[in-house]
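A short write-up of the structure that comes next.
Here, each number is a calculation from the coordinates, and none is a lab measurement. Everything numeric here is computed off the predicted structure, so don't read it as measured data. Ideal geometry is used to build each Cβ from the backbone, glycine not excepted, and the neighbour counts take in all protein chains shown.
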Amino acid sequence: MAKRFEQTAGPSQRQQRVAELVRHALAEVLSRGDLQDDVLTRNVITIPEVRMTPDLKLATAFVMPLGGRDEDAVLRALDKNKKVLRQEVARRVNLKYAPDLRFLRDESFDEAARIDALLRSDKVARDTARPDTSDDDNDE
């Protein structure tokens with residue numbers, strides 16, 4: 001009996017390609033100001049990543065307004081305009097089904113800041129400091 005191939009842990013190449021197309025389409029719509037929503041036109045919104053489900057029917061867009069201002073208002077406005085955004089994505093990305101859109105706050109910036117703070121801490125600096133080995137070289 002043939003052994004079935006095990007699914008890899010990460011997204012497929014197709015999922016990644018479609019996610020990038022959706023990300024570009026969303027970024028274009030939001031940057032052009034095509035939506036008639038004051039919150040979305042007043043904020044510059046970054047979309048660092050979009051993840052697609054394996055069936056390509058759900059796209060999760062991780063978003064962050066520039067400077068982190070009005071995060072909750074921006075997420076609410078994106079959810080309110082989800083239908084129009086989905087139509088615009090469908091127009092720009094040629095897929096059999098237009099993916100349903102979900103918007104989540106991108107936490108990668110917070111995680112990067114946390115790691116940066118850890119790396120700058122005194123404890124890490126002490127652990128990564130090179131010991132003075134100049135005396136060891138003269139013992140021979």
Count of region 22-64 residues which are charged (D, E, K, R) and in a helix (DSSP H, G or I): 5
Kindly indicate whether any position in region 58-77 is farther than 23 Å from PHE109 by Cβ, out of contact with any helix residue (DSSP H, G or I) (no Cβ under 6 Å at 6 or more places or on another chain), free of Cβ contacts under 8 Å to residues at least 24 places away in the same chain and acidic (Asp, Glu). no
Considering only region 48-61, state which residues are under 8 Å from the mean Cα position of the chain (by Cα) and crowded, with 18+ Cβ neighbours inside 10 Å. VAL50, ALA61
Which residue is nearest to PRO99 (Cα to Cα), if the candidates are limited to region 28-45 and must be within 16 Å of the chain's Cα centre (by Cα) and buried (at least 17 other Cβ atoms within 10 Å of the Cβ)? LEU30
